[in-house]
Amino acid sequence: DRDPVSGADYCANPPEAFNAGWVGGETAVTIHRGEQVTLRFNTRADPEQKPLQSIAIDWKGDGSDLTMIRTFPFRYDAKDNVNDPHVFKFAYQIGGPAAQTFSPRVLVKDNWGWCSNGRTGTPCNETLGTWSSLGLQVTVE
């Protein structure tokens, strides 16, 4: 595909996160404040665009709280074997009396600078809140 503005030729494929779930296989979990959740997911990248460069997780999911975003340098091959996923843990420390529900998002970046939300003309959109949804929820009571 050619970018209509710059004329650049983009023959790249964005990496992706897939097979996401909480440990135990659930897509929705409920925990108490301060407890950890364990997230697992796989990644896929074009063979010519490997290795991955980084994986970022927005544990809140909307980009509104920078203290809930973690970026991990990951200069290794993608983990596309569903029996060998990436595994990350996070403890939700939230205030207030009411339960809150979060939908974490990820941004996977490959060796060409393409991200999991990349499109022709915009290979990587690092704008918070636009990252790829994992289709998961965690409710913190």
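Things worth noting here:
- Residue count for the range 82-130, restricted to those that are polar (S, T, N, Q) and out of contact with any Phe, Trp or Tyr (no Cβ under 9 Å at 6 or more places or on another chain): 8.
- Hey, E35 farther than 25 Å from P123 by Cβ and without any contact (Cβ under 8 Å) to a residue 24 or more places away in the chain or not: no
- Filter result for the condition that a residue is crowded, with 19+ Cβ neighbours inside 10 Å and either at pLDDT 95 or above or not hydroxyl-bearing (S, T, Y) (or both), over P47, P14, P4, P51: P14
- Cross-chain or 6+ apart pairs with Cβ under 7 Å, the range 58-69 first and aliphatic (A, V, I, L, M), then surrounded by fewer than 20 Cβ atoms within 10 Å (Cβ to Cβ): I69/A56
- From the options A78, A99, A91, residue that is under 19 Å from Q49 (Cβ atoms) and of a type in the set (A, V, I, L, M): A78
- Counting the residues of the range 54-68 that are surrounded by 19 or more Cβ atoms within 10 Å (Cβ to Cβ) and in a strand (DSSP E or B) gives 4.
- For the range 119-129, the count of residues that are at pLDDT 95 or above and touching a Leu at 6+ places or on another chain (Cβ under 9 Å) is zero.
- Scoring F72 on the criteria (1) in a strand (DSSP E or B); (2) open to solvent by less than 60 Å² (accessible area, probe 1.4 Å); (3) not small (G, A, S) leaves a single failure, condition (2).
- Residue list for the range 109-141, filter: part of a strand (DSSP E or B), of a type in the set (V, I, T) and open to solvent by less than 60 Å² (accessible area, probe 1.4 Å): V138, T139, V140
- Each residue in the range 75-108 was checked for being within 17 Å of P15 (Cα to Cα) and either touching a residue at least 60 places away in the same chain (Cβ under 8 Å) or in a strand (DSSP E or B) (or both), and 8 pass.
The values are calculated or read from the model by the stated rules, or taken from the named source; none is laboratory data. Just so it is clear, the structure is predicted and the values come from calculations on it, not from any experiment. Please note: Cβ atoms are built from the backbone with ideal geometry, for glycine as well, and neighbour counts cover all protein chains shown. For the accessible areas, the whole protein counts, side chains as well, though only heavy atoms, and no ligand, DNA or RNA atoms are used. Shrake-Rupley method; radii C 1.70, N 1.55, O 1.52, S 1.80 Å.
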